[in-house]
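S.K.: Sharing a structure below in structure tokens format, with a few things to ask.
The values are calculated or read from the model by the stated rules, or taken from the named source; none is laboratory data. All values derive from a computational prediction rather than experimental measurement. Cβ coordinates were reconstructed from backbone atoms using ideal geometry, including for glycine residues, and neighbour counts include every protein chain displayed.
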Amino acid sequence: MAAGTFLGVMALMFALELPDKTMVAVIVMSTRARPRHVALGAAAGFVVQMAIAVTAGGLLTLLAPRVRDAIVAALFLGGAAFLLAAREREVEQRGQHEAVREHAASPAREIGAAFGVIFLGEFGDLTQIQAASLTARTHDPVAIFAAGSVALVVVAYLGAFGGRLLQRWVPTRIIRRIGGAVFAILGILALVQAVRA
């Protein structure tokens, strides 16, 4: 994968995770536990989920091209619909609810709690779905895994150490609209490719 594409995937995953419920969960957990432990556990949870996502995307490549392209188009268009239609307040409330359920004290427990919240919260999440879609389109699971993991680890550390400040600089509604537009374009391209196949 070219460096520009790698950076593009990284930027996309980063932008998708900023307004997500798991980012809110990291911010809330870091107010109740030591930020370095929250960041470490959250980063590990994100990386494991990225591995699951690219594995699922790799399985999509085994399908017939027309079926694969139709599934990828549906995933991108579904992601676009979610980003453009979801209400930020509801996403934020879900993230706060997930984080408040965990209360930890020892370093191992703080790291484990952060890992558990992120690992469970990322199942079926937008970044996971899009990582699978990108893997199916590019046939490059290693690059998608690396780019997505770097982006999500950065998000984990930003959320744990400075998430509230970051959200003041970049309004979540703008991030959602840009992400939704990108996914709509990718979904339409994948749909055209499925029809032509």
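S.K.: Restricting to region 29-54, name every residue that is of a type outside the set (A, V, I, L, M, F, W, C) and either within 20 Å of Thr138 (Cβ to Cβ) or in contact with a Pro (Cβ under 6 Å, 6 or more places away or on another chain) (or both).
M.R.: Scanning region 29-54 gives His37, Gln49.
S.K.: For region 114-151, enumerate the residues that are modelled with pLDDT of 90 or more and more than 26 Å from Leu62 (Cβ to Cβ).
M.R.: Answer for region 114-151, where residues must be modelled with pLDDT of 90 or more and more than 26 Å from Leu62 (Cβ to Cβ): Phe115, Val150, Ala151.
S.K.: Can you tell me which residue within region 152-197, out of those that are basic (Lys, Arg) and surrounded by fewer than 19 Cβ atoms within 10 Å (Cβ to Cβ), is modelled with the lowest pLDDT?
M.R.: Taking the candidates together, the pick is Arg164.
S.K.: Any residue in region 101-130 that's surrounded by fewer than 16 Cβ atoms within 10 Å (Cβ to Cβ): show its pairings with residues that are modelled with pLDDT of 80 or more at Cβ separation under 6 Å, as long as the two are six or more apart or on different chains.
M.R.: Filtered contacts from region 101-130: Pro107/His37.
S.K.: For region 4-54, give me each residue that is of a type in the set (Ser, Thr, Tyr) and out of contact with any helix residue (DSSP H, G or I) (no Cβ under 7 Å at 6 or more places or on another chain).
M.R.: Within region 4-54, Thr5, Thr31 qualify.
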